[in-house]
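Notes follow the structure.
Every read-out reported here was derived from the displayed coordinates using simple, explicitly stated rules and does not represent laboratory data. Bear in mind the structure is a predicted one, so any value in this text is a computation, not a measurement. Glycine gets a Cβ as well: all are built from the backbone with ideal geometry, and neighbour counts include every protein chain shown.
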Amino acid sequence: MFSANNSFFNFCQTVGSLKTLKILPSNLNFFDIKKKEKWEFGFEKKIKEIINNYPIPNTSFFDYLSVLKFIFVTRRSTVFDLVGDSNIYKEFWEPLTLAVMNTSPKFASAQILSNVLKVTFFRGRKHCLIYQPKENWGKTLIEPAISFIQKKRINFNESLKRIHFKDGNISELVFTKRVIKIKSSDRIIFAIPPTNLNKLFPEFKLPSNYNTILNVHFKLSKKDIYLFDKKIIGFINTKSHWMFVKNQYISITISDANKFNSMDSKEIANIIWKEMCEYVKKKINYKSFQIVREKKATYIQSPKNIEMITNFKKKRFPYVFAGDWTQNRLPCTIEASILSGKKAIEDLV
């Protein structure tokens, strides 16, 4: 993942997981399965150097000027509106948008992608660092975070079922196992995704359409893992989007993956593995695979839905909401989630 600012780094420092992280070179490698071409897009270079070096095959100086369109954007524009006619749309803008926003460029808000570019790409190499776990995200984020919060007064395995109001204020929180009476001096933070939040607050107008993120993990033999010579690969003209190499595993991420929701896991694995074999130019076998689907990973981050979240945030509540979806200036990412938690605490102080 790209570090848009220091919030992700600070979070890992807080829960004591910095040693489980590694920083990869800040460049992206691509493979076009249709054209059988490979290239590298280096974020270590300045914008001027990138434009002058034409990293993508069969491109010219003017193709890279499309990045300048993101300096000034309107809130109703989609990424496709801005760069859909660019010669590097398929090779760069589409995979980047899918990776950052889990939304097709035809629907994705250009303003949100512009905000990301302004805090990463436009600010230079040190703001485009790619963090990866040495082993997996469980040991880097989940396990350290759980260990950290278990030391606090937190109750687990209790779902919030209902909210009772009195005179316009929350009087009770009804959980599966108990009811908590709310005093006027109490402060409440709701860290709940929009789908569940609407069950508790049906009057809120929030996005209702979502995109799936699909991850396919393959375990390989030691001799075959070395065929994948780059740590991160972006795939073009494929079902696969991004591939990450981790020890004896390769992990493939597919964004905007709703089309896979009704497909059998084995069928998906076969489709993706065929593309991996084409990349290494050799028919090899995997030892095992695992598929993880998050069917409501993010809401579709379109201009209309971003505006809906913006209008929601303008309302005044005697309580606070947290979650990646509440950060209407950034896409729904780990960064946005951490920032929302930080802001929620600041709003209560």
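Side notes on the structure shown:
- The lysines whose alpha-carbon is closer than 29 Å to the alpha-carbon of Lys151, local same-chain residues fewer than 8 away aside, are Lys19, Lys22, Lys134, Lys139, Lys161, Lys177, Lys181, Lys183, Lys342, Lys343.
- Stokes-Einstein D (µm²/s) once Rh is taken as the Kirkwood radius of the chain over alpha-carbon pairs, at 4 °C in 1.567 mPa s: 59
- Order of Phe235, Phe289 - criterion: other Cβ atoms within 10 Å of each residue's Cβ, fewest first: Phe289, Phe235
- Sum of side-chain charges, Phe321 neighbourhood, beta-carbon under 13 Å (Lys, Arg +1; Asp, Glu -1): +4
- Value of relative contact order over the stretch 210-299, rounded to a whole percent, pairs C-alpha under 8 Å and six or more apart: 48
- Using only Cα coordinates, the Kirkwood hydrodynamic radius of the stretch 121-251 works out to 19.9 Å.
- Mean separation of Cα contacts under 8 Å, 6 or more apart, over the residue count of the chain: relative contact order %: 22
- Solvent-free Debye scattering, log10 I(q)/I(0), computed from the Cα coordinates of the stretch 184-252 at q = 0.14, 0.16, 0.17, 0.21 Å⁻¹: -0.66, -0.71, -0.74, -0.89
- With one equal scatterer per alpha carbon and no solvent term, the Debye-computed log10 I(q)/I(0) for the stretch 260-330 at 0.13, 0.18, 0.25, 0.28 1/Å reads -0.64, -0.80, -1.13, -1.28.
- Computed over the alpha-carbon pairs of the stretch 27-128, the distance histogram in 5 Å steps reads 2, 12, 23, 27, 22, 11, 2, 0 percent, short to long.
- In the calculated pair-distance distribution of the stretch 210-299, the portion above 22 angstrom amounts to 22 percent of the Cα-Cα pairs.
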